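A short reminder: the numbers here are calculations on the coordinates, not readings from a lab. A quick note: this is a predicted structure, and the numbers were derived from the prediction, not measured. Cβ placement follows ideal geometry from the backbone for every residue including glycine, while neighbour counts extend to all protein chains displayed.
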Amino acid sequence: MKLVVVGGVAAGASVAARARRLDESAEIIVFERGHHVSFANCGLPYHVGEVIAERDRLLLQTPQSLRESLNIDVRIATEVIAIDPAAHTISVREVDTGTEYTESYGKLALCPGASPVRPPLPGIDHPAIDVLRRIGDMDRIKARLDGALAKQKAGRRDPVHAVVIGAGYIGLEMAENLHHRGVTVDVVEMADQILPPVDRDMSIPVEQHLRGRGIHVHLSTAAAAFAPLPDERVSVELKSGTTLPADLVVLAAGVRPDTKLATEAGLALGEHGGIAVDTHMRTSDPDIWAAGDAVETPHTVLPGSYLSPLAGPANREARVAAENICGRETEYLSTQGTSIVKVFDMVAGGTGATERQLKAAGVAYKAAHVHPSGHAGYYPGTAMMHLKVLFAPDDGRLLGAQACGFDGIDKRLDLMAMAIRQQMTVYDLEHQELAYAPPFGSAKDPINMAGFVASNVLRGDLTLWYAEDFPAATEGAALVDVRTPEEYDIWHIPGAVNVPLPTLRKTIEAGEWDRAQPLRLYCAVGFRSYLAHRVLVQSGFTDVATLSGGSTTFKAVHEKPEDTYEAMPPMESYAEAASIAAAPAEATGTLINLDCTGLACPGPIMKLSKAMEDIEVGDEVRVTVSDPGFALDAPAWASKNGHRLVDIEPEGPGYVATMRKGGAGVATVPSGPVKDKTTMVVFSGDLDKLVAAFIIANGALSMGQDVSIFFTFWGLNALKREDAPSRDKSAMERMMSMMMPSGAGHLPLSTMNFGGAGAGMIKKVMSDHGVPTLPELIASAQEGGARLIGCTMTMELLGIAESDLIDGVEFGGVATMLGDSQDSSSTLFI
């Protein structure tokens with residue numbers, strides 16, 4: 001047998017090697033158009049970043065080593081330019097000399113791979129723009145990078161700047177490795193998320209981590225043109241209008257199957273444009289087989305065939321092709337697209353189908369989200385992971401799984417991949433007995449936990465509602481947050497009432513909830529709300545659902561990382577906000593270290609709060625956490641409690657932050673006489689708190705005091721007018737309008753709101769006792785001379801226009817409030 005193999009990297013080299021092991025007498029020739037054969041293309045970004053220091057470690061085989069070990073004739077820098085199936089010949093051109101000749105074959109293995117996308121944009125041929133697919137590409141990129149860094153070090157160039165086009169696996173690996181070399185990196189992605197192989201909700205934690213490490217991310221845009229700059233640099237013009245100067249541009253916008261030879265030879269193509277093959281990897285020609293990135297194979301879960309440019313499937317396809325070429329009857333069953341990527345300290349990946357793919361294919365499914373630790377939380381070095389399973393709603397068969405986190409992600413994905421391959425169900429996940437010791441896992445492994453939640457759904461023990469369905473999923477229902485008051489104060493879903501889990505049974509016993517009232521529950525990750533769900537259902541409540549994945553998943557669906565994670569949040573803004581509650585203190589020089597690693601939210605905040613109680617004003621706490629969400633929680637907590645966030649830096653899965661204790665005792669006392677004046681800061685949007693505020697305001701006015709009321713965030717809802725003129729609103733403004741009360745007459749109670757029933761009850765009691773309504777109290781305060789000031793920063797954030805508010809409202813910022821407060825005998829924060 002004479003076997004000719006077209007392509008000498010993953011699939012081609014594997015076909016040739018397996019064929020030799022099965023047939024020692026065969027003549028085997030491999031043609032590779034590049035100058036290297038059987039190299040580790042997945043390792044290319046890591047040599048650019050000098051994580052893999054030795055270039056030769058990427059060269060797995062050479063023509064000489066393949067000749068010596070397997071007696072294979074490997075001809076590099078030799079391109080196959082045509083196939084003649086009828087004559088059983090190929091036409092070949094030597095790349096370096098241009099010499100052409102013809103080679104015969106008995107059987108042909110077509111493994112041409114895929115070609116990187118290089119869009120025909122103006123200026124795309126600039127020498128600073130390159131793809132990363134082969135060893136030569138890597139060498140050019142690294143040489144340019146090394147040269148630019150050398151000039152920077154010598155003081156002849158500004159800091160080196162790179163732009164990566166594409167936020168898939170290769171793009172993010174390049175961004176990380178360029179950053180390791182000290183380069184400023186911008187990543188540009190046409191989609192509205194990074195990591196297109198996973199669903200958007202699973203990509204957000206990785207995006208947050210990426211931005212937190214200093215990578216600038218531009219989503220929903222693409223490169224429009226390139227233009228030369230001095231010193232061999234190039235400018236990248238984006239469709240969004242942004243222009244980025246760069247020393248280096250890496251195109252990582254995906255690949256296309258290289259099917260030119262197959263098409264010209266008359267071979268059949270599949271529905272996605274790849275080479276069509278049967279289960280033996282045979283093409284439409286009986287003497288031609290194909291494998292690797294250019295072929296389409298059946299999907300393990302989805303109907304039809306798919307392209308899957310991954311090294312694992314390429315090698316398995318090649319093995320099956322070689323065995324059938326050598327006369328064995330071996331079948332390639334399917335490809336499920338198992339993939340994984342490291343992004344700085346974080347890991348993400350998936351296997352099977354995504355939600356997006358299932359919807360497009362019309363396949364029915366259910367989803368469950370869990371957020372356990374990678375190993376036992378009390379053992380150092382772990383953090384919360386995000387694990388999502390997709391399963392059939394009838395029998396629980398696993399359809400897909402995705403995960404991201406910091407430890408143990410690879411083994412959970414591998415277990416899920418095996419389970420999907422074996423057509424296991426979520427019930428099977430419950431019973432898996434997995435290795436456990438504190439450094440490696442938990443007694444209830446994340447795999448088990450995913451099975452427990454999904455099985456509870458199928459058995460009817462748990463009903464889920466989903467973040468992507470908000471706010472429609474909560475319309476007509478009471479939205480109940482069962483977390484602690486501290487968690488609720490830091491952040492909560494708009495419109496939610498806080499009923500902490502420990503108080504739930506007493507609330508039920510009070511008998512003020514209608515058991516037919518729809519209740520939509522949530523907590524941080526879904527466990528406490530599941531417990532609340534079971535209590536409520538067994539207490540006779542008939543319409544109860546729990547948020548899948550809790551607020552952790554909700555934030556991933558609804559929050560924009562670019563709003564909070566562009567590099568790191570500016571510390572000065574937090575210091576300014578904290579000054580509202582208490583004046584910042586001077587440092588005493590006392591520093592206490594606090595280890596909160598392994599603690600999930602709200603653990604770090606609770607431990608930090610206790611530590612602050614035990615130290616003096618001006619003392620500092622240096623806290624180390626492994627919770628990625630601490631970057632948002634810490635500034636909010638510091639601001640609310642009057643402490644100063646001195647600094648915060650990423651470390652491992654979490655952060656190291658320094659907090660300085662603040663306090664009213666160090667506030668500067670005005671030197672002049674204090675006026676008979678009261679200043680209020682109204683942050684709350686709760687009816688009972690607003691009523692109390694305006695009762696105090698009207699009382700102060702009646703005693704001859706001046707009154708100034710500064711409305712910020714949810715407090716502004718009390719100033720909305722009922723007859724606001726219509727105006728064009730952005731999508732975000734429309735969503736905010738739906739989620740927030742529409743005026744003083746529509747505010748909820750801070751506790752016992754019960755979907756509005758409690759607020760109605762309080763209004764009736766007020767009416768029965770002759771207490772004016774909140775709109776009447778507001779009007780009375782205005783008539784008495786109270787200044788009502790709307791926070792302009794908050795109005796911009798929440799999409800509230802001046803025309804949305806009642807007449808007579810003034811507008812100002814923190815300085816306005818602080819000026820009034822300094823002249824006041826008392827300042828109240830409500």
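Hydrophobic long helices, here whole DSSP H runs in the chain with Kyte-Doolittle means of at least 0.5 and Cα atoms spread over 20 Å or more along the helix axis, are found at 687-702. Computed over region 345-459, the alpha-carbon pair-distance distribution with 10 angstrom bins reads 15, 49, 29, 6, 0, each value a whole percent. How much of the DSSP bridge set in the chain is antiparallel, in percent, rounded to the nearest 5? So the antiparallel bridges amount to about 50 percent of the total.
Scanning residues 5 or more positions from Asp543 or on other chains, those with amide H under 5 Å from its amide H are Leu519, with H placed 1.01 Å from N in the peptide plane. Partner lysines whose Cα lies under 27 Å from the Cα of Lys142, excluding those fewer than 8 positions away in the same chain, are identified as Lys151, Lys153, Lys342.
Around Ala383, with a cut-off of 11 angstrom between Cβ atoms, what is the net charge of the other residues, counting Lys and Arg +1 and Asp and Glu -1?
Details: positive: none; negative: Asp345, Asp407, Asp627.
Combined, the nearby Lys, Arg, Asp and Glu give -3.
With the charge dipole of region 345-459 set up from +1 on Lys and Arg Cβ and -1 on Asp and Glu Cβ about the Cα centre, the Cα lying farthest toward the positive end among the listed residues Ser442, Ala454, Tyr379 is that of Ala454. Taking Lys and Arg as +1 and Asp and Glu as -1, the other residues whose beta-carbon sits under 14 Å from that of Leu70 total -1. Beyond 24 Å between alpha-carbons counts as too far, so tell me which of Lys506/Lys720; Lys555/Lys763; Lys107/Lys260 fall in that bin. Result: Lys506/Lys720; Lys555/Lys763 exceed 24 Å.
Considering only DSSP beta bridges where both residues belong to region 134-276, give the percentage that are antiparallel (nearest 5).
On the way: 11 of 24 bridges.
About 45 percent, rounded to the nearest 5.
Students often check this: by mean Cβ neighbours within 10 Å, which of 553-560, 454-461, 275-282 ranks highest, and how do the rest follow?
Working: 553-560: 19.0, 454-461: 17.2, 275-282: 21.1.
In decreasing order of mean packing, 553-560, 454-461, 275-282 become 275-282, 553-560, 454-461.
With contributions of -39500 (n - 2.57) from each DSSP H run of at least four residues, the per-residue ellipticity at 222 nm computed over the chain stands at -9500 deg cm²/dmol. Size descriptors for region 465-558: radius of gyration and Dmax over Cα atoms are 12.1, 35 Å. Would you compute the Debye intensity of region 1-90 from its alpha-carbon atoms alone, equal scatterers and no solvent, and pass along log10 I(q)/I(0) at q = 0.12, 0.21, 0.23, 0.25 Å⁻¹ to two decimals? Rounded to two decimals, the profile gives -0.41, -1.00, -1.12, -1.23. Counting only residues at least eight positions apart within a chain, or on another chain, the lysines with an alpha carbon under 18 Å from that of Lys610 are Lys640, Lys661. Ranking of Asp633, Asp192 by neighbouring Cβ atoms within 10 Å, starting from the fewest: Asp192, Asp633. Dipole of the chain computed with +1 at Lys/Arg Cβ and -1 at Asp/Glu Cβ about the Cα centre; of Gln517, Pro112, Leu70, farthest Cα towards the positive end is Leu70.
Centre-to-centre separation between the Cα atoms of region 240-279 and those of region 26-85: 21 Å.
If you bin every alpha carbon distance in region 129-253 into 5 Å steps from zero, what whole percent lands in each bin? Calculated over all Cα pairs of region 129-253, the distribution is 2, 11, 22, 24, 20, 13, 6, 2, 0 percent.
If you take all other residues with their beta carbon under 11 Å from the beta carbon of Asp445, and give Lys and Arg +1 and Asp and Glu -1, the sum is +1. Evaluated with a Cβ-only charge set (Lys, Arg +1; Asp, Glu -1), the chain carries a dipole of roughly 780 debye about its Cα centre, given to the nearest 20.
Here the chain yields Rg over Rh of 1.04, to two decimals, using C-alpha coordinates and the Kirkwood radius.
Scattering from the C-alpha atoms of region 220-306 alone, worked out with Debye: what is log10 I(q)/I(0) at q = 0.24 1/Å? Listed by q, the Debye log ratios stand at -1.10.
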